[in-house]
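Down below is the structure, laid out as structure tokens.
The values are calculated or read from the model by the stated rules, or taken from the named source; none is laboratory data. Source: prediction; values computed, not measured. When we count neighbours, we look across all protein chains shown, and the Cβ atoms used for this are built from the backbone with ideal geometry, even at glycine. What goes into the accessible areas is simple: the full protein's heavy atoms, side chains included, and nothing from ligands, DNA or RNA. Shrake-Rupley method; radii C 1.70, N 1.55, O 1.52, S 1.80 Å.
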Amino acid sequence: MTTLILVPVAVPVLASIACAALRWNRAAAWTGVVSAALILAAAIGLAVGVARSGPVTAWGGSLRVDALSAFMLLVIGAVGVLSAVGSPAHLRAEIAAGRASARTATRHGVLVQLFLAAMVLAVLAADLGVLWVAVEATTIVTAFLVGQRRTRAAVEAAWKYVVICSAGIALALLGTFLLNYASAHAPGDAGLDLAGLAEHAAGLDPGVTRIAVALLVLGFGTKAGLAPLHAWLPDAHSQAPAPVSALMSGVLLSVAFYAILRVKAIADVALGTGFARALLVVMALASLAVAASLLLAQRDYKRMLAYSSIEHLGLVALGAAIGGPAALAAALLHVLGHGLAKGVLFLGAGRVLQLTGTSRIDEVRGLAARQPVLAGAMALGVLALIGLPPFSLFASELGIARAGFSGPLGWATAVALVLVLVIAAALVGHTARMLLGEPDSAAVPRLPRSTGIALIGGLLACAVLGVTAGPLETLLRLAADAVVGAR
């Protein structure tokens, strides 16, 4: 088990070196798939071990895996596999169209592997400071991926991403310093060790801790795409290559929210449940309101998916605010379901962009007649996003709603559901206009087999999770206990 913890960190680092050495060829193109598959396999092994024997540490206590970390590793691995399987065909099409070169593809492979390594380090870090460094590292790496096409819009989106996220992460850094100060003047000498902070949180100075928690939640909330510092997300997601958008939406936002959950576990013991709950409710409802208002008249289908990400992280924040094992387990299931569905949709959107040359909704018509498999995957992906059965987002949204109405946040849950209905109507309306209608007479190439496998595989996984969580039920319960168990 101790050695297994190092695998998901070491594999993507080694894969990035391999991608740089091999340059762009068939072997390098599929190195990412092997890397993501090994991360997923290690995550499964760690999840099984943690469920049986409890948390495990490695590397002198610098890395720690509990049920919450293991679950997030599963999310990284699962969405990483989807993105990796769809990447070679996407890059080949970009090179054939003259929008990328072999050098661009090589750089893409190296940066994506470093991106995965940084996210894995974030969820395995036993120390809040290391967690902060890993989250900041994802900003540096993905800024180059967002601006990969080097168009004016892509470069502008990359700079906007860097400026806003760096401002948010700077707030989180200040919060980290303050929490370290509170820890230094409290019994237990926990430092920034996450488990130690949670154990000795009752001794933290309430005034300093309150300011620290507010800064940390706002800072990491920026990286999670939550309002009010969400403005980077639509631009970055719409300009990044499709496989990168899938990783950013499906994994990066969730990893940032994982950091918020760790802070919440400390805050609830030190300050009571009300403080973090109030912060998260405001950010959740603000995020849902922003997504609903801007989706109604949206004209760009990649930005449409980006605003949907803000919506779903808002729902995850609402589940965390409601608190309790049931709500937190539902929120975590929502993280995985959203990652799978959004991975499918961004890969599909990338293929639509390559076929049509436009990201405008009103310029795409008759997709169902031209590309039935692609259109079917997009349609099912949107149905999954709006929470229809049998997909897992139906079960997770239902779990969040039930927990919300049975607790003190029934009013917030009711407001959230109204906004979710508005968002669902907007998503269905925009998608229907793209899929239906009279197609043009232009011939289109067939959907690459690897892309089809990624789309269908992601949808099947999301549907299976909606029917039964299976072995994940125990892991979800333990992961929720990792957040609330310290109370």
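Principal-axis analysis of the Cα atoms of the chain puts helix 206-223 at an angle of about 10° to the longest axis. Rounded to the nearest 20 debye, the dipole size of the stretch 303-433 about its Cα centre is 300 debye, using +1 on the Cβ of Lys and Arg and -1 on the Cβ of Asp and Glu. For the stretch 330-460, the convex hull spanned by the alpha carbon atoms encloses 95 Å³ per residue. Over the stretch 149-242, the fraction of Cα-Cα pairs per 5 Å bin, rounded to whole percents and listed from the shortest bin up, is 3, 15, 19, 16, 12, 10, 9, 7, 5, 3, 1. Taking all pairs of different Cα atoms in the stretch 209-314, averaging 1/r and flipping that mean, what Kirkwood radius in angstroms comes out? One decimal place: 14.0 Å for the Kirkwood radius.
The angle separating the long axis of helix 2-22 from the principal Cα axis of greatest extent in the chain is about 30 degrees. Note: the stretch 366-414, Cα convex hull, 67 Å³ per residue. Computed from Cα positions, the angle between helix 273-295 and the longest principal axis of the chain comes to roughly 10 degrees. Lysine pairs in the chain whose alpha-carbon atoms fall under 21 angstrom of each other, counting only those eight or more residues apart or on distinct chains, come to 6. The charge dipole of the stretch 1-484, taken about the Cα centre with unit charges on the Cβ atoms of Lys, Arg (+1) and Asp, Glu (-1), comes to about 1420 debye, rounded to the nearest 20. Of the residues Arg446, Arg370, Arg477, ranked by 1.4 Å probe accessible area with the largest first, the sequence reads Arg446, Arg477, Arg370. Counting Lys +1, Arg +1, Asp -1, Glu -1, what net charge surrounds Val56 among other residues with beta carbon under 11 Å of its beta carbon? Computed value for this residue: +1.
Ranked by solvent-accessible area (1.4 Å probe, protein heavy atoms only, all chains present), the residues Lys160, Lys342 order from largest to smallest as Lys160, Lys342. Take 36-49, 319-332 and order them by the average number of nearby Cβ atoms within 10 Å per residue, most first; the result is 319-332, 36-49. Calculated from the structure, Rg and Dmax of the Cα atoms in Å equals which of [x] 23.0, 74; [y] 21.1, 73; [z] 23.7, 89? Evaluating Rg and Dmax of the Cα atoms in Å on these atoms matches [y].
Per the Debye calculation on the stretch 1-143 with a single equal scatterer at every Cα and no solvent contribution, log₁₀ I(q)/I(0) for q = 0.09, 0.10, 0.14, 0.20 Å⁻¹ amounts to -0.28, -0.34, -0.63, -1.12. Think of it as helices only: each DSSP H run of n ≥ 4 in the chain is worth -39500 (n - 2.57), and spread over all residues that comes to -26500 deg cm²/dmol at 222 nm.
Each part gets one Cα centre, and for the stretch 20-69 versus the stretch 220-257 those centres are 22 Å apart.
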